[in-house]
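Written below as structure tokens is the structure these notes are about.
Rule-based calculations on the coordinates, nothing more; no lab input. Keep in mind that what you see is a predicted model, and the values were worked out from it rather than measured. No Cβ is skipped: glycine too gets one built from the backbone with ideal geometry, and neighbour counts run over all protein chains shown.
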């Protein structure tokens, strides 16, 4: 997916997107590596990403894409409003992509 799709990177997250051939609802995957911390820290980071995606995608539904949100160590320290803004900025870049 990483080679064929679009990528967006910010302080709090990395976003990979792949356009599908259908108009089905967006599918979202989350990944956080062990470099971020132990299992508790990784799960908390993943929950923040999941909630950010839920809120942003509720405002602007996306169809026909597979998304992968990659958590970073800054994801858990970043103010939640900024995390939402970075995810929205990544989705805006998708709209502009060919």
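Odds and ends about this structure:
- Cα pair distances of the range 6-96 binned at 5 Å [whole percent]: 3, 14, 28, 26, 16, 8, 4, 1
- Compared with the dominant Cα axis of the chain, that is its longest principal axis, helix 39-59 is turned about 30°.
- Computed from Cα atoms, the angle from the helix 80-96 axis to the main principal axis of the chain rounds to 20 degrees.
- Here the label points at residue 85 and residue 9, each 7 Å from Cα along the C-beta direction, are separated by 2.2 nm in the simple model.
- For a label point 7 Å along the Cα-to-beta-carbon line of residue 92, residues of the range 38-54 with backbone N under 19 Å: 52-54
- Using C-alpha pairs below 8 Å separated by at least 6 residues, the relative contact order for the range 43-98 is 50 percent.
- FRET E, pair residue 44, residue 19, Förster distance 22 Å, beta-carbon r, rounded to 0.05: 0.10
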